[in-house]
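Taken together, the values in this text are just the output of simple stated rules run on the coordinates, not laboratory data. Note that this is a predicted model, so its numbers are computed, not measured. No Cβ is skipped: glycine too gets one built from the backbone with ideal geometry, and neighbour counts run over all protein chains shown.
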Amino acid sequence: MSRTGEQVSQSRRHRVAVVGGDGIGPEVIAEALKVVAAAGVVIEEKQYELGAAHYLRTGEVLPEHVLEELRGFDAILLGAVGPEVGRTDVPSGLLERGLLLRLRFELDLYVNLRPFVSTPGTRTALGTGPVDGTGLVAGIPASDCNFVIVRENTEGAYAGEGGFLRKGTPAEVATQGSVNTRNGVERCVRYAFELASRRPRHHLTLVHKTNVLTFAGDLWQRTVDEIATDYLGVERDYNHVDAACIYMVEQPARYDVIVTDNLFGDILSDLAGAVSGGIGFAASANLNPARTGPSLFEPVHGAAHDIAGTGKANPLAAIRSAALMLEHLGETDAAERVTKAVSAYLAEPAGNTENAGNAAGTPFPSTVAVGDAIAERL
């Protein structure tokens, strides 16, 4: 299940803060850590209890001393946070702004990186049928969906600019501003161009709404045009965000690297998850490319309290997020082997389960069994 002692000893030791969080979070993160160990990477981990349950127990969201401790780690691996559906004792937005967004802002995690690859063996939103012997899903090659979304992660509509006037009255006014700085846009766009220059297709698409959001959109478009002169080998394109929602479903092969703002990236990422096999497979990295602090890695799915403790949670998004973490930590060989192990598992009959995203309908083997299967392939 694991590499030899000699191989493991050659791996560098990495300090990782682990936040299991709520619902299925701790379950899927346990399997991700199991796979990391099987890949022969030495992790010195420290567990932190943060999320809805922690808030309800202590009244704390992200204490200052915990934030300061987190700054000292090499990476943060997070499962999911959020209360059960219908609970009102955790105010809406409290965890999102007080924990997730605060970590992004405080640690300067200005790139949200989400890769999407449609894997043979999984069911996608592109069709209703299972993958056949030719590797097609409803007539669309699974390989046609292979792109990355680079989302600006610290500005835009999520910066928190806005407020209420005459709240609770018939004359109430609510404003929500979108903050776009040249520095914030430029560093995100430059990261996207650099990534596109290393990928085989060398293609970048800016997604925005420049015909309506004429100020923010103009800044994004001008920045892309200017930085493009440093990357003459990268072909570039532009789509309005509404058109991109159509193209992503009907023509996923047109995309390689998408760069976009915080809000559009958030929405497009969920659509991309559905197109490429389901949100249960979608991994993400919140990156500080300057490495002035730790980067944070988490599956895109939520806490899914309704299946917590049942063994039905799909751990593959968490495992893929751990692979992104390994790559960021310089463990590129281990990251590649984990990614290949996941693909190999999904392509085999054992991975063809309804709950793992496939239409074959065979029983889901359990969260732990999926983690074991990936680890054994390493």
- What is the ratio of the Cα radius of gyration of the stretch 146-275 to 2.2 N^0.38 Å, where N is its residue count, to two decimals? 1.15
- Item | Sorted peptide list for 208-218, 57-67, 37-47, criterion being average Cβ within 10 angstrom, highest first | 37-47, 208-218, 57-67
- Query: Residue separation times 0.36 nm, minus the C-alpha to C-alpha distance between residue 171 and residue 69: what's the value?
  - Reply: 32.2 nm
- Task: Would you please give the FRET efficiency between residue 144 and residue 368, computed as 1/(1 + (r/R0)^6) with r the Cβ-Cβ distance and R0 = 30 Å, to the nearest 0.05?
- Result: 0.35
- Note on the structure: P(r) over all Cα-Cα pairs of the chain, 10 Å bins from 0 to the longest distance, whole percent per bin, short to long, reads 5, 23, 32, 27, 11, 2, 0, 0
- Excluding residues fewer than 8 places away in the same chain, name every one of the lysines whose C-alpha is closer than 24 Å to that of residue 312. 34, 340
- Message: What whole-number distance in Å separates the alpha-carbon centres of the stretch 202-257 and the stretch 75-119?
- Response: 26 Å
- Charge-dipole axis of the stretch 219-378 as Lys and Arg at +1 and Asp and Glu at -1 on Cβ define it, positive-most pick from 334, 294, 324: 334
- Task: With a 10 Å radius around each residue's Cβ, average the other Cβ atoms per peptide and rank 96-102, 146-152, 287-293, highest first.
- Result: 146-152, 96-102, 287-293
- What span do the alpha-carbon atoms of the stretch 21-107 cover on each of the three principal axes, reported in whole Å from largest to smallest? 43, 27, 20
- Reachable aspartates and glutamates, given that their alpha-carbon falls under 19 Å from the alpha-carbon of residue 167 and they are not under 8 places away in the same chain: none
- Query: Quick one: putting +1 on the C-beta of Lys and Arg, -1 on the C-beta of Asp and Glu, what dipole do you get for the stretch 146-275 around its Cα centre, in Debye to the nearest 20?
  - Reply: 120 debye
